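Reading through the structure tokens given below for one structure.
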Amino acid sequence: MNITGAVLEEIGRDRPFAQSRPITVGALDLDAPQPGELLVRIEAAGVCHSDLSVVDGNRPRPVPMLLGHEAAGTIEKTGGDTPGFAVGDRVVMSFLPRCGQCAACATDGRLPCEAGTRANNAGVLMAGGSRLHRDGELVHHHLGVSGFATHTVVDHRSAVVVGRDVAPDVAAVLGCAVLTGGGAVINAGDVQPGQDVIVVGLGGVGMAALITAVSLGNGRVIGVDALQAKLDRARELGADDALTPGDAVARGIRAPLVIEAAGHPRAFETAFALTAPGGRTVTVGLPAPTATSTITPLTITAEARSIVGSYLGSAVPSRDIPRYAQLWREGKLPVEALISDRIALDDINAAMDRLAAGEAVRQIMTF
Ligand SMILES: [Zn+2]
Ligand SMILES: [Zn+2]
């Protein structure tokens, strides 16, 4: 079938992307779903740092690639052999499919699935190959989702059914920002009743970690970011305090659980500095592969500290997404509050600029 989608043509073009235009929006051919796959009409998609990381070359992937990995939509057709999925279901896309059979899949979300990671690195679906073409040329899938398009075909293991009462924009954000940020607090952070939580870096993932910590009604929740607008937003969303990195360190505040969600080595150092003795620093951001940090190893030993890496919030999407949907339903998780801008598909290059400038929490496109 004929679809419209946003294709990254070349990696590493100069900013502003609104001028260099690394992404073109145009017509593509989408193959029918194979057995185990779903044809989904996309209803909403969020612009995430992991999209930007492909555009700017921090996470190189094969191009041309149809971007977008945080999305939700309605199943229009199945290729058969998709137990639990039916035409008309609303699904949240999950950008790390789990085969359920490899050693990594047995780690309760701590390690990403081996087969899923292989497929994602190659820009193909779990069954192999791409369902996307343009003038006879193959176009790669982004993390098995490719949600910046009117329709997509995904492996059923890249989708999780949610109730139709979950609005598409909320559903989309559950799939990456909430899954990652919430999981950093709940899964990797193993937050305990009454514990204070500090979140460093208040983009989509960090803000999701913050509202998750607030929703659990535990101890004090403190947001840390360099941008005043984000600190104001954190307070509106229930943070007990919101500080710049310099202020937070100067005041000597520390917490037993600190989440680093900025993906920057200085943010990691700040998060480490703000972690209390016996505490845990969870890093969920994705810095450039060449980035390095300086910390004092003695602190880890002398203060019995832990540093925990968490990819995708150490999530098992089929287990965790329904959990966040239920928290949202109960009014405890204001996912809508993460949405800072509404954009059109054609606006994607400028949206990448806003994200790179740190100006947006979540920019959502609807179809
Ligand atoms: Zn993402
Ligand atoms: Zn697996």
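Observations, loosely collected:
- Segment 142-165 residues that are open to solvent by 10 Å² or more (accessible area, probe 1.4 Å), paired with ones that are among the acidic types (Asp, Glu) and outside any loop (DSSP other than H, G, I, E, B) (beta carbon under 7 Å, 6 or more apart): His156/Glu37
- Some residue of segment 277-284 being under 17 Å from Leu227 (Cβ atoms), among the β-branched types (Val, Ile, Thr) and outside any helix (DSSP H, G or I): no
- Criterion applied to Val166, Val170 was being within 16 Å of ligand 1 (Cβ to nearest atom) and either at pLDDT 95 or above or among the small types (Gly, Ala, Ser) (or both), and the one residue passing it is Val170.
- Within the option set Ser314, Ser310, being small (Gly, Ala, Ser), under 23 Å from Pro60 (Cβ atoms), surrounded by 18 or more Cβ atoms within 10 Å (Cβ to Cβ) and touching a residue at least 60 places away in the same chain (Cβ under 8 Å) holds for one residue only, Ser310.
- Scanning segment 111-132 for residues that are aliphatic (A, V, I, L, M) and surrounded by fewer than 17 Cβ atoms within 10 Å (Cβ to Cβ) turns up Leu111, Ala122, Ala127.
- Number of positions in segment 264-276 that are surrounded by fewer than 19 Cβ atoms within 10 Å (Cβ to Cβ) and touching a Lys or Arg at 6+ places or on another chain (Cβ under 7 Å): 1
- Segment 30-68, subset open to solvent by 40 Å² or more (accessible area, probe 1.4 Å) and of a type in the set (Lys, Arg), residue nearest to ligand 1 (Cβ to nearest atom): Arg59
- Any hit, segment 341-364, residues being part of a strand (DSSP E or B), open to solvent by 10 Å² or more (accessible area, probe 1.4 Å) and free of Cβ contacts under 8 Å to residues at least 24 places away in the same chain: yes
- Restricting Asp135, Asp108, Asp89 to those that are open to solvent by 30 Å² or more (accessible area, probe 1.4 Å) and within 16 Å of ligand 2 (Cβ to nearest atom) reduces the list to Asp108.
The values are calculated or read from the model by the stated rules, or taken from the named source; none is laboratory data. Everything numeric here is computed off the predicted structure, so don't read it as measured data. In this analysis, Cβ positions are derived from the backbone assuming ideal geometry, glycine residues included, and neighbour counts consider all displayed protein chains. All accessible areas refer to the heavy atoms of the entire protein, side chains included, with ligands and DNA or RNA removed. Shrake-Rupley method; radii C 1.70, N 1.55, O 1.52, S 1.80 Å.
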